[in-house]
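The values are calculated or read from the model by the stated rules, or taken from the named source; none is laboratory data. What you see is a predicted model; the values in this text were computed from it and never measured. In this analysis, Cβ positions are derived from the backbone assuming ideal geometry, glycine residues included, and neighbour counts consider all displayed protein chains.
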Amino acid sequence: MNSNPNQNSKKNNKKDKNPSEMDLNAVKDKEREKKLKILDEIDNLRVVENNHFMINKFNDAIKVAEDIIKLAKDANLDFIIEEQEAFIKQVKGEKAEKDKVSVIMDTFESTKRNFDKLLELKEYIKAHRLIIDFKKKFGKSTDLSVLLPIQELFSEEREMWIAFLEEQEKIKQELSNFNNKFLNFLKNRDFESANSVLIKVEPFLKDILEEDLKKKWELNRQQYLEKKENYELCEKVDRTIEESLKLKDQFIFEEALLKVDEMSDVIKNKKLIQCKSQLLETRQEIIAAEIKYNKLYLELAKFKEEFRYNRENDFLYALSRVCEKIIHISQLIGMSEIEKEYENSLEKITNEIEEKESKNRLEQKELLDKAKEIEKYIKIDKDVLPIIEDFSVKESLGDLSENIKEKLEQINTLLLENRVDTKKEVVNRVILKTSSGEVVESIIPREIFRTDDVSKDTIYNVRSGLTNRFEDIIEDAVITDIVPYNFEITGLSLNGEVLKEFPEKTLRKEGIELKWELKTIKPKERIEIKYNLIRRISRTIIFILEDQLKIIKYHSNINNLKPKGLYIAKIPFTNPFGAKLDGIIIEDIIPTSFLRFIEEPTKIIPVKISGFEFGEIFRWDIGIMSQETINFTYKLIDKNQFEEIKSKINELNKDGLENLDKGNILDALDKYKQIHSELLSSIK
């Protein structure tokens, strides 16, 4: 049998090799077989590994990969090690992503449940915020668009929110309609219907998103309550007056007066001027009727009550006359003890009147003398009486700081209690005597009102006078009106007739007193006095002269300029003492009805103090002043007039722009020249 040559050759080769080479080959063959075996095992594990990965068993897949790495290390299969390490990294990434999605989905489930509950409760805003918070929490780090359930929830929420906002617009429209009805009902004093509207809007306000609308309706509610309360009070006043007048007609005067007084107490803190005036007029009418009705004994009792009333109100002239009546009636009915008692009272009252008049004359003389003294350093306008007060520096302020700023702060503390007096009412005092011998004295504060008319000489007015509510003629009546100095009288009229001359006037500490003496006023006749007024600038000056602290309070006129509504006030202050004045503070109160421009002084910046009822306060901290004059000049424009100027300028500007749009440059330039002229005329 023939052998294969290749086989013989191999055998011969084996025989030719030495034993060491044969052993080496055997080892290599063995290692090769081992590697092949490991590779087979790795291939099998790869299949298992891949299956785990496909069904998201990431931990099992990682464990198998680690086993493969161990096998690969035994066989020095580096490429497989690298491959499996990369696989493990990939699996861990997938696992982390799946874990994150799992957390998101868990949160989504709870969010979905809460969202559904909120929808059931109609808490749409909370539901909307819930989804917004979910998006903020997960939307930045994860693409939520691939998660279908979440996208479905987002779509549902979006539709809900759009519907909610549409519903909000409907609610706002409903509230607007309700608001128009409410205001109309309120205007017509239909409070029942107005309240019905407030009740109807409550469900809408619970569902509305805008807080401003809720606040607006809260203001509506407050306005309703206030107007309803005032209306009901006025109705009560009308009923009280009607009941009181019925009692008066039945001559039950005490109960009638009690009703009026009780109602007056009820409304005394309310701004119901007309009701208060009606109650006051009713009270006077009842008293007048009681005077007529009562005879002798009843008159005596009434006059005693009048005596008490006049004594309490310090109506001395009426008190004197009542004493005379009581004495006369006491003589007629033989009540000597009462006669003697009131004769003594009359003597005391007469002395009291004389002392009071003497004191007033002395006080007025002192004030006029002081006014002449200070004419050297302030400008005093006609019909203005300045007040000057002297205090000891030591007693008023103690030890003064050497530091000028600190010293001014010390002096400034005096302003609050020593500021120039400003008032907004005229004190109207009436003393009248009827043909039946009745004497009535009354004091009524009459409020000063701002007018809508911006004429050259008046911005405010006040009405005074009296109505004869007695059944007999008023033989004599003396009306004295004290107009506060912070108002200048620019004109006056009596029963509609403009007067060129003032009645008798006296400058008193409280203001300028105008005295009207009237004769023969018929029953029901009305005497009406009207004052046209304009505000003055009110000034307080504090300074130290040697060891004396001087405080000067006075008021300065505001003078007309052209065009209408433009004013100027020049208020100089001069140091005439031949020595430096120390600690000078000058405070000016500019009326609220004006816009102001300060022309002088230019080197001092005033301190502006807001929140004062009567105007803007400018405090000039002068400090030390040598022998000189400081001029203070204010340009003022009435606020109503300013609005007219602004309206005119807006119209000119509109015309100018229209001309520019049309290419009419010259016409446009003319309009802007007019604007320039208008503005200049308002400040020059």
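In the stretch 389-414, how many are within 12 Å of I542 (Cα to Cα), among the aliphatic types (A, V, I, L, M) and under 36 Å from the mean Cα position of the chain (by Cα)? Residues in the stretch 389-414 being within 12 Å of I542 (Cα to Cα), among the aliphatic types (A, V, I, L, M) and under 36 Å from the mean Cα position of the chain (by Cα): 3 in total.
Across the stretch 50-76, what is the number of residues that are buried (at least 17 other Cβ atoms within 10 Å of the Cβ), under 30 Å from D29 (Cα atoms) and at pLDDT 80 or above? Talk me through it step by step, then tell me what you get.
Within the stretch 50-76, the first condition is being buried (at least 17 other Cβ atoms within 10 Å of the Cβ), and the residues that meet it are 52-53, 58, 61-62, 64-65, 68-69, 71-72, 75.
Then keep just the ones that are under 30 Å from D29 (Cα atoms); that gives 64-65, 68-69, 71-72, 75.
The next check asks that each one be at pLDDT 80 or above; those that pass are 64-65, 68-69, 71-72.
Total satisfying the criteria: 6.
Residues in the stretch 239-270 that are part of a helix (DSSP H, G or I) and of a type in the set (V, I, T): T240, I241, V260, V266, I267. Listed by position, the helices (runs of 4 or more DSSP H) inside the stretch 300-399 whose residues that are hydroxyl-bearing (S, T, Y) number at least 2 are 316-333, 336-374.
Given the criteria closer than 15 Å to R469 by Cβ and among the charged types (D, E, K, R), does E290 qualify?
It is true that E290 is closer than 15 Å to R469 by Cβ and among the charged types (D, E, K, R).
Residues that are at pLDDT 90 or above and acidic (D, E) within the stretch 367-389 comprise D381, D383, E389, listed in sequence order.
The rows are residues; the columns are (1) of a type in the set (A, V, I, L, M); (2) free of Cβ contacts under 8 Å to residues at least 60 places away in the same chain; (3) surrounded by 13 or more Cβ atoms within 10 Å (Cβ to Cβ); (4) out of contact with any Phe, Trp or Tyr (no Cβ under 6 Å at 6 or more places or on another chain).
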| position | (1), (2), (3), (4) |
| --- | --- |
| L198 | yes, yes, yes, yes |
| E211 | no, yes, no, yes |
| L219 | yes, yes, no, yes |
| E235 | no, yes, no, yes |
| D249 | no, yes, no, yes |
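Against the test of being on the phi < 0 side of the Ramachandran plot and at pLDDT 90 or above, the options Y342, Y317 yield a single qualifying residue, Y342. Looking across the stretch 478-516, the residues that are of a type in the set (D, E), in contact with a strand residue (DSSP E or B) (Cβ under 7 Å, 6 or more places away or on another chain) and surrounded by fewer than 16 Cβ atoms within 10 Å (Cβ to Cβ) come down to E504, E510. Checking each residue in the stretch 253-311 for being surrounded by fewer than 18 Cβ atoms within 10 Å (Cβ to Cβ), among the hydroxyl-bearing types (S, T, Y) and more than 25 Å from Y342 (Cβ to Cβ) picks out S264, S277.
Can you tell me which residue is farthest from Q90 (Cα to Cα) among those in the stretch 38-76 that are outside any helix (DSSP H, G or I) and of a type outside the set (A, V, I, L, M)?
So the first thing to find is which residues in the stretch 38-76 are outside any helix (DSSP H, G or I), and the list is 55-57, 75-76.
Okay, now just the ones that are also of a type outside the set (A, V, I, L, M), so 56-57, 76.
On the way: N56: 12, K57: 13, N76: 23 Å.
Selected residue: N76.
Take G578 and decide whether it is over 30 Å from L408 (Cβ atoms), surrounded by fewer than 13 Cβ atoms within 10 Å (Cβ to Cβ) and not hydrophobic (A, V, I, L, M, F, W, C). So G578 does not fit the description; no. Taking every residue in the stretch 102-118 that is at pLDDT 80 or above and pairing it with any residue that is surrounded by 11 or more Cβ atoms within 10 Å (Cβ to Cβ) and among the small types (G, A, S), at least 6 positions away or on another chain, the pairs with Cβ-Cβ distances below 6 Å are F115/A127; L118/A127.
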